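Enquirer: Before I ask anything, here is the structure I am working with.
The values are calculated or read from the model by the stated rules, or taken from the named source; none is laboratory data. Bear in mind the structure is a predicted one, so any value in this text is a computation, not a measurement. Don't worry about glycine lacking a Cβ; one is built from the backbone with ideal geometry, like all the others, and counts go over all protein chains shown. Ligands, DNA and RNA are stripped out before the accessible areas are found, and what is left, the full protein with its side chains, is counted by its heavy atoms. Shrake-Rupley method; radii C 1.70, N 1.55, O 1.52, S 1.80 Å.
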Amino acid sequence: MKLALIGFGQAGGKVVDEFLAFDARIDGGFVESAIAINSATTDLKGLEHVPMANRVLIGQARVKGHGVGADNELGAEIAKSDSDEIQAAIDRVPAHEIDAFLVVAGMGGGTGSGGAPVLARQLRRIYTQPVYGLGLLPGTDEGSIYTLNAARSFRTFVDEVDNLLVFDNDAWRSAGESVGSGYDRINREIAERFGLLFAAGEVQQGDHVAESVVDSSEIINTLSSSGVSTIGYASETVETNDGLLSSLTSSDETFDEGEATNRLTSLVRKATLGRLTLPCEVASADRGLVVATGPPSHLNRKGVERGRQWLEDETGSMEIRGGDYPLPDRDEVGAIVLLSGVTDVPRIDRLQQVAIETQETTTEVQTSADEEFASLMDTGGELDALF
């Protein structure tokens with residue numbers, strides 16, 4: 001699947017940067033273009049892989065390159081006022097060669113959470129290709145303002161994209177990690193999970209051809225239910241000496257088709273029932289996609305089909321697709337599970353409830369502060385202001 005990646009804000013830019021690094025490592029070919037948009041000069045300078053010409057600084061007239069300070073209303077205003085500058089960068093994307101746009105943003109900050117929905121609306125108005133969002137939820141310990149930002153951004157972003165893929169930082173934070181190393185690891189996790197999904201089906205000269213091809217239409221059809229989506233991934237190290245042989249032509253007498261089938265079926269279960277990018281009730285998914293990855297000799301159609309049938313039973317959906325993505329240079333067999341249109345998501349329910357409480361508390365505190373200030377300044381009319 002050929003994508004135009006657009007990272008909005010600090011977190012969005014870093015994730016797009018990691019996508020580019022991952023695409024180069026696996027020679028995936030799924031990134032056609034990559035753009036980073038931010039209101040902070042320092043964040044743009046810190047990127048390593050996004051081309052300098054594709055780094056767009058917005059809001060210079062308002063914030064002078066210093067960011068919006070977690071004010072996502074200001075982030076949205078700047079995105080609207082500088083839409084021509086943003087569009088000039090997007091105009092350099094070869095739109096006829098891409099299958100979709102992917103707008104990536106952290107939902108707790110200011111620039112990304114405010115600007116990404118604005119950009120998504122603009123892209124859907126101009127282009128015929130699907131526009132997907134990848135939203136990163138902040139941890140619950142990051143503060144109430146970030147939770148409120150995330151809830152408001154989520155509510156807006158999901159309505160402005162064809163499908164919103166979500167990654168919950170709270171579910172992936174490890175105890176004892178520094179902030180920097182923690183986010184670096186999380187960004188690698190994001191790039192691997194979503195990157196393997198989008199890279200599936202991008203066959204280049206000399207590549208192994210999958211037994212059951214997963215092309216861009218499979219992914220697009222799975223995501224066409226709109227709403228919210230999540231991804232699961234599980235892998236297992238295997239011994240391999242594939243060379244140029246696929247599982248259909250392997251001369252390795254030790255290859256056990258039954259073992260390969262059971263391994264794939266087990267990995268699909270682990271990917272689904274393990275740690276999803278956004279934890280949810282699997283049965284609430286509207287559609288799904290199973291992709292097996294790894295050395296060709298360890299992938300087989302029966303394993304993919306059994307995994308697909310199992311997921312069909314778990315979700316009760318008749319729209320569960322499946323296929324494989326051969327990766328000869330890897331020593332891991334993996335299973336990617338995409339669940340689209342999920343509706344039973346406790347994390348989102350909690351996010352919205354906390355945001356409502358935060359908004360109510362903020363209003364009460366502001367009202368009280370205004371009253372106390374008025375009392376402080378009240379001299380009973382005995383003292384006049386200077387002017």
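Enquirer: If each residue of separation counts as 0.36 nm, what is the full-extension length gain between LYS302 and SER81 once their alpha-carbon separation is subtracted?
Expert: 74.2 nm
Enquirer: Taking only complete DSSP H runs, can you tell me which helices of the chain stretch 20 Å or more along their own long axis by Cα positions and average at least -0.5 on the Kyte-Doolittle scale?
Expert: Span-like helices here: 9-26, 111-126, 144-160, 179-199, 257-273.
Enquirer: Pulled fully out, how much extra length does the chain show between GLU312 and ASN221, if you take 0.36 nm times their separation in residues and subtract their Cα-Cα distance?
Expert: Net length gain for the segment: 31.2 nm.
Enquirer: Something else about it: Sorted by accessible area (1.4 Å probe), largest first, how do ARG287, ARG193 line up?
Expert: Result of the area sort, largest leading: ARG287, ARG193.
Enquirer: Another question about this same structure. Can you classify the chain as rounded, prolate or oblate using the Cα gyration tensor, where a ≥ b ≥ c are the square roots of its eigenvalues, rounded means a/c under 1.5, and otherwise it's prolate if a/b beats b/c and oblate if not?
Expert: prolate
Enquirer: Run the numbers on the chain and let me know its relative contact order in percent, using alpha-carbon pairs under 8 Å that are six or more apart.
Expert: The normalised contact order for the chain reaches 15 percent.
Enquirer: Please list 220-229, 109-118 highest first by mean number of surrounding beta-carbon atoms within 10 Å per residue.
Expert: So the peptides 220-229, 109-118, ranked by packing, come out 109-118, 220-229.
Enquirer: Sticking with this one: At 1.4 Å probe size, put MET377, MET318 in order of accessible surface, largest to smallest.
Expert: From most exposed to least exposed: MET318, MET377.
Enquirer: Just the number please: accessible area per residue for the chain, 1.4 Å probe, all protein chains included, in Å².
Expert: Heavy-atom SASA per residue in the chain reads 46 Å².
Enquirer: Would you mind checking which residues have amide H under 5 Å from ASP286's amide H? H placed 1.01 Å from N; only 5 or more apart, or other chain.
Expert: So ASP286 has HN proximity to SER340, GLY341, VAL342.
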